[in-house]
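Comments concern the structure below.
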Amino acid sequence: MDVKPAVHGGQIHRASRDLGVPLSRILDFSANINPLGPPETVRRALVQAMDDIRFYPDATQAETKCVIADRYQVPEANVLISNGATEAIDLVLRARNPTRVWVLEPAFSEYRAAALRNRLAVVSVPLEYPGFTAPWDRLIEETRPGDCVIWNNPHNPSGRHVRRGGFAAPLQALAERGVAVLIDESFMDFLPDAVENTAVSEALQPGSGVVVVRSLTKFLAIPGLRLGYAIADRTWVERLERVRDRWSVSHLAQVAGAVGLQDRAFRNDTANWLRREQQRVAAVWGPSALYQRHPTSVNFFLMRWTDDERSRRLSQALFHRGILVRLCQDFSGLGLAYWRVAIRSPAENDAFHAAVQEIFQEEGDRWPKV
Amino acid sequence: MVKPRPQVDAMTLYTPGRSLEDARQASGRKEMVKLASNESLWGPSPSVITAIQEALPHLQYYPAVQEPRLREVLAIRHGLKPGQIVMGNGADEMLRLVAAAFVSVGDEVLYPAPSFSAYRHSTLLAGGVPKEVPLAGNGANDLEAMCRAITERTRVVYLCSPNNPTGTPVTLEAWQRYLAEVPEHVVTVVDAAYEEFVAGPEMPDFLGAVRQDRAIVVVRTFSKLYALAGLRTGWATAPEWLMPALLKVREPFSLNSLGAVAAEAALKDSDYYGRVRQETLEARAFLLDALSQRGHQFFESQANFVTAALPVGVSDVPNRLMAEGFVVRPTDAFGLPQHIRVTVAPQPILEEFLTAFDRVLAQ
């Protein structure tokens, strides 16, 4: 069995142990978590829900499902609640058992890992540079009935997104070929106009092979709790339910989802923070001969240093100051020179930029010239 | 049109015990006692609740893939090495991982019947061929029959001890004979979810077989004695040579961080859980005795539930008990008709239950 453990951002536990400092002293730009969360409403609800942890969680996740269905205006029968988005991805592959899994890369490492866990053949398809656009024509041409394509929008790790007009027709063509498409929309909640960008209406078509998977852990800032969901044709939702572990979504995760998604103030605050910080981060980092910063639509951005060595030394120096970034050497098509950086609170974003400048001033002269 | 793998259509949706909310709606009663899912009505230790509350400010961090401190505490408690332990999302995930890692399409998988539905589910998911082995008359797994049923194609044997839904454990002698006879090409999974409630002398030492590097996976849970069912914390132990295969098929973040924090705190409060265990065993003895005095047939349970036969000709008992305020589990879905499974609760609750049960049967 050739399955390597996937590499993830958010290696904060290890950093905390290695550096001998508490978690709270580490600035983690490697995990793309909403710095405003978790919402206060969620914290309060969790304290109240504590008494019920002796009981098995609701295996139908009725309340959370109802809130999600209402929030995104989809019928409840089309919603599956999962133990993080990764469980939903696993379930889709487990139930469909596709002949080949076409992964559009660079991408979240769990797609490939989940395919290998399910003993499936993986075909890597490079996204087209510089916009990380999907080669739809090639997919329509080369995929066969029984295959599955995994694509994410907004794209992790570049932070770009594609509007519906850019993918609706290709999805239709793939569906007609009997090809399933799993679209990971884990960062969709960070876009101001999700309706214009989501594939939910494609997923809701009866008999559709499109499944939209989303994470609530990023937006609500509860990765410790694990909560995600899928939206699909109702017969597919039923099949996914059949292949799952019955109680995988913990009671507290269900409570957090149901309460957090109804918190309008938190949603508005998040939208305002992100709009402001996207602009500010763009201005602070500005153009430079040392790096290229990709434009982003969401709460992280991709940047490329001129060379691997500079990237390596800089990230190590940051690590020793308790600042973590996501090096992209394991993303297909990227490399050590690429960083994925979360957008965090104004103070943290400034501290990050200042730390990079300081390291350059203190050590940059001693580094090999490019 | 995209189709599911053929095994999916052969699977059925699990029928869980009724939730309290369900039962309240169906019965129209506000006060309901749930004795249907073997949750601990003693609840978790107060120190567990404190530990969870202290962890709430850290929800914005991903869980550790395998929480090292928790594995260490578990290892010390059970005389294992941390590398022999894998944490996961309840016992269910652990049970599924073994089939996912070891069963290829067409391989045979043996499991007892009637027993927990996850064995068949895990087998079908892996494309295996399910082979049911009937229980012995006393409700325990029939290990001799298991050994006889093993063929060249058998890759995994699931055992359940104490068995759910009978509560009967396998004996030390039967286990030792099984270990002597089971061929090397078979991985044996012991689902020991109710292990903490086993009290008899000379009981099998499943963990001992792991320490001896046998091809044994023992699956345990924090949902029962430790009263953490809502948090989904399960674990399995296996020899280190077997572990990489399990880890490779596991989703990295399947165990949430509060589940890990709660489990660690629970293991540190031996006083509380020692007391709960003792009270559970006393309440079980009380329930078995009361059923016996009333002339009911039941299995000699070593778990935190008791499964009793319903008198012939009596029907609809679970629903009528619900009208009396008690949710119990009919065992039909396990393949054991005309029985109910009742969770052992603090004795005053059981006394009220018995009064209601008497009333229902007298109607």
Next item on the list: Could you tell me which of the residues B:Pro183, B:Pro252, B:Pro244, B:Pro201 is closer than 30 Å to A:Leu116 by Cβ, without any contact (Cβ under 8 Å) to a residue 24 or more places away in the chain and open to solvent by 10 Å² or more (accessible area, probe 1.4 Å)?
Entry: B:Pro244
Next item on the list: Could you tell me whether A:Arg119 is farther than 20 Å from A:Ala203 by Cβ and in a loop (DSSP other than H, G, I, E, B)?
Entry: yes
Next item on the list: Those residues that are open to solvent by less than 30 Å² (accessible area, probe 1.4 Å) and either more than 10 Å from every other protein chain (Cβ to nearest Cβ) or assigned to a helix (DSSP H, G or I) (or both), I need them from segment A:174-190; list them, please.
Entry: A:Leu174, A:Leu182, A:Ile183, A:Asp184, A:Glu185, A:Ser186, A:Phe187, A:Met188, A:Asp189, A:Phe190
Checklist line | Neighbours by Cβ (under 6 Å, 6+ apart or cross-chain): first from segment B:85-104, at the interface with chain A (Cβ under 10 Å from one of its Cβ atoms); second part of a helix (DSSP H, G or I) and not aliphatic (A, V, I, L, M) | finding: B:Leu95/B:Ser122; B:Arg96/B:Ser122
Next item on the list: Tell me which of these A:Ser16 doesn't satisfy, since it passes every other one: (1) open to solvent by 10 Å² or more (accessible area, probe 1.4 Å); (2) facing chain B (nearest Cβ under 7 Å).
Entry: (2)
Notebook entry, point to check: What are the residues in segment A:137-154 that are part of a loop (DSSP other than H, G, I, E, B) and open to solvent by 40 Å² or more (accessible area, probe 1.4 Å), if any?
Noted result: A:Arg144, A:Pro145
Item checked: Condition met for A:Arg264 (touching a helix residue (DSSP H, G or I) at 6+ places or on another chain (Cβ under 7 Å) and among the basic types (Lys, Arg)) -> no
Note to self: Is it the case, given these coordinates, that B:Arg69 is more than 12 Å from chain A (Cβ to nearest Cβ) and either modelled with pLDDT of 95 or more or assigned to a helix (DSSP H, G or I) (or both)?
What the structure shows: no
Next item on the list: Could you please give the count of residues in segment A:291-308 that are free of Cβ contacts under 8 Å to residues at least 60 places away in the same chain and either open to solvent by 40 Å² or more (accessible area, probe 1.4 Å) or charged (D, E, K, R) (or both)?
Entry: 4
Notebook entry, point to check: Considering segment B:30-66 alone, what residues qualify as being over 17 Å from A:Asp52 (Cβ atoms), part of a helix (DSSP H, G or I) and among the hydroxyl-bearing types (Ser, Thr, Tyr)?
Noted result: B:Ser47
Next item on the list: Go through segment A:63-84 and give me each residue that's part of a helix (DSSP H, G or I) and either out of contact with any helix residue (DSSP H, G or I) (no Cβ under 8 Å at 6 or more places or on another chain) or at positive phi (or both).
Entry: A:Asp70, A:Arg71
Note to self: Are there strands (runs of 3 or more DSSP E) fully within segment A:233-351 with at least 2 residues that are within 25 Å of A:Ser124 (Cβ to Cβ)? List them.
What the structure shows: A:300-305, A:338-342
Next item on the list: Select from segment B:40-66 the residues that are at pLDDT 95 or above and farther than 22 Å from A:Tyr56 by Cα and list them in ascending order.
Entry: B:Glu54
Check: Do we have B:Ala290 as small (Gly, Ala, Ser), in contact (Cβ under 8 Å) with a residue 60 or more places away in the chain, part of a helix (DSSP H, G or I) and within 14 Å of chain A (Cβ to nearest Cβ) here?
Finding: no
Next item on the list: Go through B:Glu202, B:Glu196 for me and flag whichever is away from chain A (no Cβ under 14 Å) and under 25 Å from B:Glu39 (Cβ atoms).
Entry: B:Glu196
Next item on the list: Just need a number here: residues in segment B:38-48 that are open to solvent by 20 Å² or more (accessible area, probe 1.4 Å) and within 21 Å of B:Arg341 (Cβ to Cβ).
Entry: 2
Notebook entry, point to check: Could you count how many residues in segment A:91-116 are open to solvent by 20 Å² or more (accessible area, probe 1.4 Å) and over 24 Å from A:Arg326 (Cα atoms)?
Noted result: 3
Margin query: Restricting to segment B:258-287, and then to whatever is open to solvent by 30 Å² or more (accessible area, probe 1.4 Å) and within 14 Å of chain A (Cβ to nearest Cβ), can you tell me which residue is nearest to A:Asp90 (Cα to Cα)?
Written below: B:Val261
Notebook entry, point to check: From the list A:Arg246, A:Arg280, A:Arg242, A:Arg234, which residue is touching a residue at least 24 places away in the same chain (Cβ under 8 Å), under 25 Å from A:Ala351 (Cα atoms), of a type in the set (Lys, Arg) and open to solvent by 10 Å² or more (accessible area, probe 1.4 Å)?
Noted result: A:Arg280
Check: Which one of these is out of contact with any Pro (no Cβ under 6 Å at 6 or more places or on another chain), within 14 Å of another protein chain (Cβ to nearest Cβ), in contact (Cβ under 8 Å) with a residue 12 or more places away in the chain and open to solvent by less than 20 Å² (accessible area, probe 1.4 Å): A:Ala88, A:Ala134?
Finding: A:Ala88
Margin query: Give me the residue from segment B:28-66 that is within 10 Å of chain A (Cβ to nearest Cβ), under 24 Å from the mean Cα position of the chain (by Cα) and of a type in the set (Gly, Ala, Ser) and, out of that set, farthest from A:Ala31 (Cα to Cα).
Written below: B:Ala36
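The values are calculated or read from the model by the stated rules, or taken from the named source; none is laboratory data. Note that the coordinates shown come from a computational prediction; the quantities given were computed from them, not determined experimentally. Cβ coordinates were reconstructed from backbone atoms using ideal geometry, including for glycine residues, and neighbour counts include every protein chain displayed. Each accessible area value is taken on the protein alone, full model and side chains, heavy atoms only, with ligands, DNA and RNA left out. Shrake-Rupley method; radii C 1.70, N 1.55, O 1.52, S 1.80 Å.
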